[in-house]
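K.L.:
This is the structure, below, for whatever I ask next.
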Amino acid sequence: MASGLRIALLQLLAREKTANILQKAEQYISEAANNGAKLAILPELFTTECHPPIFVQKKESIPEGETSKFISHLAKKHSMHIIAGSIAEEIKGSEKMKNTSAVFNPMGKLIGKYTKMHSFDVDMGENFSIHESDWFEHGNNTLSFETDECKIGVGICIDLRFPEVSRYYTEQGCLLHVYLGAFSQEKTGPAHWDVLLRARAIDNQVYVAACSPATDQTHHYVAWGHSAVVDPWGKIISQADGKETLIYADLDMNYLNRVRQQLPVEKIRRKDLYHLTYKW
């Protein structure tokens, strides 16, 4: 296993036609590949606003849809893994959709799909009421995949709030946990985004990368942005602000191993007293 991995997070605006968004993604992915990135990560629902009528208008199939085919082409062209954010995936015969991420390997092959496991169903007052389950079917399975450098687990947005998901990925040997998230600028982003990213990294002594859509005040739902990468000690090593941008981080697996040796949480853990069980 190699000791290092350069990753790139694409904090994209989602207000254009799908073809225009994919053109911007191609520009950033080409730049990332030229700068040595081996993994590119796109945001949650990166081809749509977080707004139900637009979900319906721009929903696609995976891998037959326009977005999947284009990202597959880019992965093969640049010989890199790409986590294709998430897409409003159509369900044949149903009015509902899935909030699904697709992962492509350096040959352009679809190696897995992950559908958001938890629904963001909240009522926070002040006209902030969202019920994702009205539009999206939740997923029931995790997704992890191997690269030359490390194993990677994938989650979407509110999945970040459930430490059981990260714990499972850690137990499966994932050293990088990736979340595609659109926390809100108004409520959850400033209050919880950095805290949760750092907590999951510290809990599990892993790298955590989280990619958000860029902030756009013209959207019905304004995303927080602030895509970030956190190291196993809980330090934010790369972070965007709100604007559309591309950020990088170099992950050092030797450093991760040193953290685990110096603070051996797994050896200390009382597995004789408690453990988690999973259905997937």
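The values are calculated or read from the model by the stated rules, or taken from the named source; none is laboratory data. Given the structure is predicted, the values throughout are model-derived calculations rather than measurements. FYI the Cβ positions are ideal-geometry reconstructions off the backbone, even for glycines, and counts take in every protein chain you see. Side chains are part of the model used for accessible areas, which takes the heavy atoms of the whole protein and leaves out ligands, DNA and RNA. Shrake-Rupley method; radii C 1.70, N 1.55, O 1.52, S 1.80 Å.
K.L.:
Mind checking which aspartates and glutamates have their C-alpha under 15 Å from LYS24, skipping anything on the same chain fewer than 8 residues away?
P.N.:
Excluding near neighbours in sequence, the set is GLU16, GLU66, GLU244.
K.L.:
For the stretch 203-280, what percent of Cα pairs sit more than 19 Å apart? Write down the numbers at each step before the final one.
P.N.:
Details: 1659 of 3003 pairs.
That fraction is 55 percent.
K.L.:
Which whole-number value in Å² is the accessible area per residue of the chain, probe 1.4 Å? Let's see the in-between values first.
P.N.:
Details: 12650 Å² over 280 residues.
I get 45 Å² per residue for this part.
K.L.:
Label the stretch 1-151 by shape, choosing from rounded, prolate and oblate, from the square roots a ≥ b ≥ c of the eigenvalues of the Cα gyration tensor; if a/c is under 1.5 it is rounded, and otherwise prolate applies when a/b is larger than b/c, oblate when it is not.
P.N.:
Details: a/c = 1.79, a/b = 1.64, b/c = 1.10.
Verdict is prolate for the stretch 1-151.
K.L.:
What percentage of the solvent-accessible surface of the stretch 1-130, computed with a 1.4 Å probe over protein heavy atoms, is contributed by carbon and sulfur atoms? Present the calculation step by step, with values, prior to reporting the outcome.
P.N.:
Working: 2630 of 5640 Å².
C and S atoms contribute 47 percent here.
K.L.:
Turning to a different aspect of this structure: Could you let me know the centre-to-centre spacing of the stretch 49-85 and the stretch 1-28, using Cα atoms, in angstrom?
P.N.:
If we compute the Cα centre of each part, the gap is 11 Å.
K.L.:
If the viscosity is 0.890 mPa s and the temperature 25 °C, what translational diffusion coefficient in µm²/s does Stokes-Einstein give for the stretch 110-213 when Rh comes from Kirkwood over Cα pairs?
P.N.:
Values: Rh = 14.4 Å.
In µm²/s, the coefficient rounds to 170.
K.L.:
Could you work out Rg/(2.2 N^0.38 Å) for the chain, with Rg from alpha carbons only? Walk me through the numbers before you get to the answer.
P.N.:
On the way: Rg = 17.8 Å, N = 280, 2.2 N^0.38 = 18.7 Å.
In units of the globular-protein estimate, the chain measures up at 0.95.
K.L.:
Please give the peptides 164-170, 9-15 ranked by average Cβ packing (other Cβ atoms within 10 Å per residue), highest first, as a rough proxy for protection.
P.N.:
Descending mean neighbour count gives 9-15, 164-170.
K.L.:
What does the charge count near PHE128 come to, summing +1 for each Lys or Arg and -1 for each Asp or Glu among other residues with Cβ under 9 Å from its Cβ? Kindly include the intermediate steps, with their values, before the conclusion.
P.N.:
Working: positive: LYS187; negative: ASP123, GLU126, GLU186.
Net local charge, PHE128 excluded: -2.
K.L.:
Ignoring ligands and nucleic acids, what accessible area does HIS118 show with a 1.4 Å probe (Å², nearest 10)?
P.N.:
Rounded to the nearest 10, the figure is 50 Å².
K.L.:
Suppose we keep just the DSSP beta bridges with both residues in the chain; what percent of those would be antiparallel, to 5?
P.N.:
Working: 32 of 52 bridges.
The antiparallel proportion sits near 60 percent.
K.L.:
Something else: Kirkwood hydrodynamic radius for the stretch 1-57: how many Å is it when counted over pairs of different Cα atoms?
P.N.:
Details: mean 1/r = 0.0796 Å⁻¹.
Hydrodynamic radius (Kirkwood, Cα pairs) of the stretch 1-57 is 12.6 Å.
K.L.:
Output the Kirkwood hydrodynamic radius of the stretch 125-280, Cα pairs only, in Å rounded to one decimal. Write out the running numbers ahead of the final one.
P.N.:
Details: mean 1/r = 0.0598 Å⁻¹.
One over the average 1/r among Cα pairs gives 16.7 Å for the stretch 125-280.
K.L.:
Where Lys and Arg each count +1 and Asp and Glu each count -1, what net charge lies around GLU266 among other residues with Cβ under 13 Å from its Cβ?
P.N.:
Numbers: positive: ARG167, ARG260, LYS267, ARG269, ARG270, LYS271; negative: GLU171, ASP203.
Taking every Cβ under 13 Å from that of GLU266, the sum is +4.
K.L.:
How large are Rg and Dmax for the stretch 237-280 when calculated on the C-alpha trace, in angstrom?
P.N.:
My reading of the Cα-based Rg and Dmax gives 17.4, 48 Å.
K.L.:
With springs only between Cα atoms under 10 Å apart, run a GNM on the chain and tell me which of ALA75, ALA88, ALA19 wobbles the most.
P.N.:
ALA19
K.L.:
I've got another one for you. Quick one: among ASN99, ASN20, ASN127, which has the greatest mean-square fluctuation in a GNM of the chain with alpha-carbon springs under 10 angstrom?
P.N.:
Largest GNM mean-square fluctuation: ASN127.
K.L.:
Right, something else. Can you pick out the pairs among LYS58/LYS235; LYS76/LYS235; LYS109/LYS267; LYS69/LYS243; LYS69/LYS235 whose Cα atoms lie more than 31 Å from each other? Kindly include the intermediate steps, with their values, before the conclusion.
P.N.:
On the way: LYS58/LYS235 37 Å; LYS76/LYS235 33 Å; LYS109/LYS267 38 Å; LYS69/LYS243 27 Å; LYS69/LYS235 36 Å.
With Cα atoms farther than 31 Å apart: LYS58/LYS235; LYS76/LYS235; LYS109/LYS267; LYS69/LYS235.
K.L.:
For n ≥ 4 DSSP H runs only, could you compute -39500 (n - 2.57) per run for the chain, divide by its residues and tell me the 222 nm figure to the nearest 500? Please report the intermediate quantities before stating the final value.
P.N.:
Numbers: 7 runs with 77 residues, N = 280.
-8500 deg cm²/dmol, from helical runs alone.
K.L.:
For LYS271, go through the lysines and keep the ones whose alpha-carbon is under 27 Å away, minus same-chain ones fewer than eight residues off.
P.N.:
Cα-Cα hits under 27 Å: LYS151, LYS279.
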